[in-house]
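Enquirer: This structure is in structure tokens; I'll ask about it shortly.
Just so it is clear, none of the values below were taken in a lab; they were calculated from the coordinates. All figures in this text were calculated on a predicted structure; none of them were measured in a lab. Cβ placement follows ideal geometry from the backbone for every residue including glycine, while neighbour counts extend to all protein chains displayed.
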Amino acid sequence: MAFQHMIESERCKGCGLCVEFCPKKVLEITKIVNAKGHFPAYQARPEDCIHCTMCCIICPDVAIQIKEIKEETAD
Amino acid sequence: MGKAFSRPESLSQTMTHYCPGCTHGIVHRLVAETIDELGIAGRTVGIAPVGCAVLAYNYFNLDFQEAAHGRAPAMATGIKRVRPDLIVFTYQGDGDLASIGMGEIIHAANRGEKFTTIFINNAIYGMTGGQMAPTTMPGQRATTAPTGRDTDATGMPIRMANLLGELVTPAYVTRQAVLKPQQINKAKKAIKKAFEYQVEGRCFSFVEVVSTCPTNWGLTPLDSLKWAQDNLIPYYELGDYKTPDED
Amino acid sequence: MAKVLMKGNEAIGEAAIRAGCKNYFAYPITPQSEVAEYLVKRLPEEGGVFVQGESEVAVGYMIFGAAGCGERVMTTSSSPGVSLMSEAISYIAAAQCPAVFVNIVRGGPGLGGILPSQGDYFQATKGGGHGDYRLLVMAPDGVQEAVEMTMKAFTLAEKYRNPVMILGDGLIGQMMEPCEFPDDLKTEATNKDDWATNGMDYRKSDKRNLVKSLFLDPTELNNNNLILKAKYDKMRKEEVRYEEYNTQTDYQVLIVSYGTMSRVCRTSIDLLKKDGIEVAMLRPQTLFPFPEEAIYNAATKENCKSVISIEMSMGQMVEDVERSVKGQREVEFYGECGGDIPSPEKIIEIIKGLL
């Protein structure tokens with residue numbers, strides 16, 4: 001079972017709480033401004049993400065989702 | 001390893017107007033998740049206050065009414081009495097509930113009205129730009145307490161959960177916080193318990209949630225969480241102040 | 001239909017039930033607490049809801065909540081209490097919810113007195129609360145009319161999705177008169193699924209409803225006000241009600257008076273007629289919409305020399321009478337408002353002063 005982490009960069013207001021609470025320090029604030037003038041968070045080190053949902057829980061805008069994705073090849 | 005996480009259906013797609021880092025958004029999620037998990041969206045009516053959360057009616061896929069300042073508990077009484085099959089909740093800030101609406105919340109609780117109140121305590125008036133609220137801390141600055149709250153002139157902050165916990169009529173009264181993930185998950189359980197008491201038709205339920213207001217505290221979102229933990233939690237002690245099971 | 005001798009306050013309570021309203025929220029205040037004392041017994045018999053609120057402020061919003069989820073609902077109060085409900089009335093009008101408010105008027109301002117008065121005319125007809133809203137206001141002159149107007153109020157509130165007010169007074173509330181409850185005045189509640197927060201499952205819809213009065217966008221707020229205004233204009237066209245008395249004669253003076261005061265004027269007119277003096281009266285039954293045209297027509301009859309507004313107040317309706325007469329005649333005023341009602345003889349003396 002694999003998971004896919006996703007931040008809605010247009011919904012995120014760049015408050016930075018997820019960056020702080022991520023136990024693996026995966027997240028950072030981007031330099032690319034979004035439509036609302038915020039600088040959203042993004043996965044700087046996605047490979048370190050353990051999909052623990054800490055970022056989802058603390059996010060005040062519910063901008064982060066973790067989707068379950070089926071393995072294509074059952075290797 | 002890991003788990004999925006998605007937006008609750010009862011939470012609308014509308015982007016909120018709340019300031020970056022404002023914890024209103026977290027509590028909205030907890031309420032929406034609860035309503036999804038209990039499968040009651042089709043018969044739930046929310047009541048928005050006057051304050052930052054007035055626009056909560058845009059953020060839930062639910063029937064909503066928008067109350068006058070402080071009057072949500074009276075509107076909830078009106079709905080719940082004529083349509084007891086509906087699940088009714090009010091979502092109110094501290095200016096709305098603990099100041100102008102104090103009469104309404106105390107009497108609704110004391111009558112044992114079978115609805116649920118979510119009370120956001122961030123120790124300040126948000127929407128109107130940072131005035132002192134009944135919950136503002138001693139010495140805490142606000143636009144109407146520019147040198148810090150002078151308790152000789154304005155009294156001490158009001159602890160709503162403690163106050164309502166003193167009423168004799170059976171109720172579920174608890175104070176939670178959303179300043180860190182563990183508190184948020186505990187707050188979710190409390191909110192769900194509150195709605196379950198209502199679904200069972202058991203009693204009035206009240207969840208006070210210690211929250212932040214980065215903009216009007218003049219702090220970053222992260223520092224706001226720390227400031228609240230260090231300054232609000234000691235005074236607004238968390239925990240259940242009343243449960244119907246005791247009686 | 002057998003008539004029954006009933007106190008006005010109780011008859012108003014029974015009228016609500018007969019009109020299909022089973023939900024009553026109220027707060028005690030003299031001279032109308034008997035409505036609550038009557039309904040607390042009667043409503044449970046009908047499976048209805050009775051709640052005594054902690055204040056008239058709270059009661060106003062219990063009414064708003066209940067009306068907002070599509071149920072028929074009523075409250076009764078008296079002058080100071082209605083002042084406290086005025087904010088809620090403004091919200092209910094803005095959010096377009098049907099609701100019935102009964103004001104058994106007592107002397108004011110301030111704590112005033114507990115005797116009958118007509119001192120709330122402005123509050124009822126010119127908006128006691130904030131913003132551009134109006135109330136459909138009906139003023140009964142006795143227990144039977146109070147019953148009929150209360151029953152009609154629920155139909156009218158739903159027709160216009162607007163609060164409706166019955167403007168009685170302490171005398172009408174406290175006196176007993178034989179009355180009946182005409183079945184044909186009861187109407188079935190309208191379907192409210194397209195706006196009420198009555199539950200998506202209840203109306204088998206996945207579109208949620210929103211009852212609110214906040215319109216931060218100026219265009220939206222203006223549009224909401226235009227919607228309300230269109231309703232008030234429709235009321236002006238369709239809901240004006242008044243009664244004419246002795247207007248078939250060559251009357252020299254036209255009295256404009258309503259409610260309890262108009263009954264005294266009626267006696268004065270009869271007594272003056274015996275002396276060969278013809279006086280007529282136009283009695284507004286709806287205070288909003290006000291019978292402007294009817295008053296203009298009656299006032300401008302050739303034989304009619306002057307118009308007088310006689311009220312239990314310091315002069316409020318007189319302003320609407322002047323507006324209606326458009327300067328075609330002198331408009332006089334006589335009023336008392338301590339709670340003692342002017343006697344027929346007093347009115348005769350005032351009228352003779354005009355001849």
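Enquirer: Rank these for me by crowding, A:Phe21, C:Phe288, C:Phe101, C:Phe122, going from fewest to most other beta carbons within 10 Å.
Expert: Fewest-to-most Cβ neighbours within 10 Å comes out as C:Phe122, A:Phe21, C:Phe288, C:Phe101.
Enquirer: Next question, about the same structure. What average count of beta carbons from other chains do you get within 10 Å of the Cβ of residues in A:14-23?
Expert: Mean partner shielding for this stretch: 4.
Enquirer: Express the relative contact order of chain C as a whole percentage, based on alpha carbon pairs under 8 Å and six or more residues apart in sequence.
Expert: Working: 770 pairs, mean separation 60.8, N = 355.
Rounded, it is 17 percent for chain C.
Enquirer: Would you mind listing how long chain C runs along its three principal axes, going by Cα atoms, in whole Å with the largest first?
Expert: For chain C, the Cα spread along each principal axis is 70, 48, 40 Å.
Enquirer: Let me ask something additional. Taking the Cα centre of each part, how many Å lie between segment B:24-98 and segment C:157-235?
Expert: The two parts, judged by their Cα centres, are 22 Å apart.
Enquirer: So which of B:Lys188/C:Lys204; B:Lys80/B:Lys188; C:Lys229/C:Lys305; C:Lys192/C:Lys229 end up more than 31 Å apart, counting from Cα to Cα?
Expert: C:Lys229/C:Lys305
Enquirer: Measuring from label point to label point, each 7 Å out along Cα→Cβ, what is the C:Leu355 to C:Val40 span in nm?
Expert: Each label point is offset 7 Å from its Cα along the Cβ direction, giving 5.3 nm.
Enquirer: Setting aside same-chain residues fewer than 8 positions from C:Lys159, which aspartates and glutamates have a Cα under 19 Å from its Cα?
Expert: The reachable aspartates and glutamates, counting only those whose Cα sits under 19 Å from C:Lys159, are C:Glu71, C:Glu148, C:Asp183, C:Asp184, C:Glu188, C:Asp193, C:Asp194, C:Asp233, C:Glu238, C:Glu239.
Enquirer: Here is a follow-up. Considering only the protein assembly as shown, what is the antiparallel percent among its DSSP beta bridges, to the nearest 5?
Expert: 30 percent
Enquirer: Now for a different question. Taking Cα atoms, how many degrees apart are the long axis of helix C:33-45 and the longest axis of chain C, rounded to 10 and kept between 0 and 90?
Expert: Tilt relative to chain C: about 40 degrees.
Enquirer: Hey, another quick one. Stokes-Einstein D for segment B:121-174 at 4 °C, 1.567 mPa s, Kirkwood Rh over Cα pairs, in µm²/s?
Expert: 107 µm²/s
Enquirer: Quick one: if you stick a label point 7 Å off each Cα along the C-beta vector at B:Glu196 and B:Thr151, how many nm between them?
Expert: With each label placed 7 Å out from Cα toward Cβ, I get 3.7 nm.
Enquirer: Computed over the Cα atoms of segment C:50-205, what is the convex hull's projected area averaged over all directions, in nm²?
Expert: Mean shadow area of the hull around the Cα atoms is 9.7 nm².
Enquirer: Kirkwood hydrodynamic radius (Cα pairs, Å) of segment C:55-118?
Expert: Details: mean 1/r = 0.0829 Å⁻¹.
Value: 12.1 Å, from the Cα pair sum.
Enquirer: Let's test the formula: R0 of 51 Å, r as the Cβ-Cβ distance of B:Asp36 and C:Arg263. What FRET efficiency results, to the nearest 0.05? Write down the numbers at each step before the final one.
Expert: Details: r = 62 Å, r/R0 = 1.21.
Computed FRET efficiency for B:Asp36 and C:Arg263 comes out at 0.25.
Enquirer: Using only the Cα atoms of chain B, what semi-axes does the equivalent ellipsoid have when each is the square root of 5 times a gyration tensor eigenvalue? Give whole Å, largest first. Walk me through the numbers before you get to the answer.
Expert: Values: eigenvalues 135, 89, 59 Å².
Over the Cα atoms of chain B, the ellipsoid semi-axes are 26, 21, 17 Å.
Enquirer: Put a dot 7 Å past each Cα toward the Cβ at A:Gln4 and A:Ile32; how far apart are the dots in nm?
Expert: Distance between the two pseudo-spin positions: 1.7 nm.
Enquirer: Let me ask you something else. For chain C, set up a Gaussian network in which alpha carbons nearer than 10 Å are linked by springs, and say which option among C:Ser78, C:Ser205, C:Ser324 fluctuates the most.
Expert: C:Ser205
Enquirer: Could you work out the mean count of beta carbons from other protein chains within 10 Å of each residue's beta carbon in B:130-142?
Expert: Mean shielding by partner chains, rounded to a whole number: 0.
Enquirer: In deg cm²/dmol and to the nearest 500, what is the mean residue ellipticity at 222 nm of chain B if only DSSP H runs of at least 4 residues count, each as -39500 (n - 2.57), divided by the residue total?
Expert: Values: 8 runs with 80 residues, N = 247.
For chain B, the value works out to -9500 deg cm²/dmol.
Enquirer: Once phi is turned into ³J(HN,Hα) by the Karplus curve 6.51 cos²θ - 1.76 cosθ + 1.60 with θ = phi - 60°, what whole-Hz value does each residue of segment B:219-230 show in order, with x for glycine and proline?
Expert: In residue order, the calculated couplings are 10, 5, x, 5, 5, 5, 4, 5, 4, 5, 4, 7 Hz.
Enquirer: Averaged across C:18-25, how many Cβ atoms of other chains sit within 10 Å of each residue's Cβ atom?
Expert: What the average comes to for C:18-25 is 1.
Enquirer: Estimate the FRET efficiency between C:Thr187 and B:Asp85 by the formula 1/(1 + (r/R0)^6), using the beta-carbon distance for r and 25 Å for R0, to the nearest 0.05.
Expert: So the FRET efficiency works out to roughly 0.50.
Enquirer: Between 0 and 90 degrees, rounded to the nearest ten: what's the tilt of helix C:259-274 against the longest Cα principal axis of chain C?
Expert: 20 degrees
Enquirer: Given +1 on the Cβ of Lys and Arg, -1 on the Cβ of Asp and Glu, and no further charges, what dipole in debye does segment C:243-354 carry about its Cα centre, rounded to the nearest 20? It would help to have the intermediate numbers written out before the result.
Expert: Details: 12 positive and 19 negative charges, 34 e Å.
Magnitude of the dipole: close to 160 debye.
Enquirer: Moving on to the next point. Work out Dmax and Rg for the protein assembly as shown from the C-alpha atoms and quote the Rg first, both in angstrom.
Expert: 29.7, 115
Enquirer: Now, a different point. If you fit an axis through the alpha-carbon atoms of helix C:79-94 and take the longest principal axis of the Cα set of chain C, what angle between them do you get, 0 to 90°, nearest 10?
Expert: Long axis of C:79-94 versus the principal axis of chain C: about 60 degrees.
Enquirer: Further question on the same structure: Based on the inverse mean of 1/r over its pairs of different Cα atoms, what is the Kirkwood hydrodynamic radius of segment A:1-66, in Å?
Expert: Over segment A:1-66, the inverse of the mean reciprocal pair distance is 11.7 Å.
Enquirer: Remind me, what semi-axes does segment C:44-92 give for its equivalent ellipsoid, largest first in whole Å, using sqrt of 5 times each Cα gyration tensor eigenvalue?
Expert: Equivalent ellipsoid of segment C:44-92: 19, 14, 8 Å, largest first.
Enquirer: Quick check: the distance between the Cα centres of segment C:326-349 and segment B:184-247, to the nearest angstrom?
Expert: Between the Cα centre of segment C:326-349 and that of segment B:184-247, the gap is 62 Å.
Enquirer: Let's test the formula: R0 of 35 Å, r as the Cβ-Cβ distance of C:Glu244 and B:Thr143. What FRET efficiency results, to the nearest 0.05?
Expert: 0.05
Enquirer: Once you keep just the Cα pairs under 8 angstrom separated by 6 or more residues, what percentage relative contact order results for segment C:243-354?
Expert: About 30 percent, as a whole number.
Enquirer: Kirkwood Rh over alpha-carbon pairs of segment C:1-52, then Stokes-Einstein at 25 °C and 0.890 mPa s: what D in µm² s⁻¹, rounded to an integer?
Expert: Translational diffusion coefficient: 219 µm²/s.
Enquirer: Taking other Cβ within 10 Å of each residue's Cβ, how do C:Met6, B:Met1, A:Met6, C:Met235 sort, fewest first?
Expert: Ranked by crowding around the Cβ, least crowded first: B:Met1, A:Met6, C:Met235, C:Met6.
Enquirer: Rounded to the nearest 500 deg cm²/dmol, what is the calculated helix-only ellipticity per residue at 222 nm for chain C, with -39500 (n - 2.57) per DSSP H run of length n ≥ 4?
Expert: -12500 deg cm²/dmol
Enquirer: Here's something else I'd like to know. Mind checking which lysines have their Cα closer than 27 Å to the Cα of A:Lys70? Skip sequence neighbours fewer than 8 apart in that chain.
Expert: A:Lys24, A:Lys25, B:Lys3
Enquirer: Still on this structure: Residue-wise, which Karplus ³J(HN,Hα) couplings in Hz belong to segment C:12-27, taking 6.51 cos²θ - 1.76 cosθ + 1.60, θ = phi - 60°, and x for glycine or proline?
Expert: 5, x, 5, 4, 4, 4, 5, 8, x, 9, 10, 10, 9, 10, 7, 9
Enquirer: Sorted from fewest to most neighbouring beta carbons within 10 Å, what does the list C:Glu71, C:Glu330 look like?
Expert: By the 10 Å Cβ count, ascending: C:Glu330, C:Glu71.
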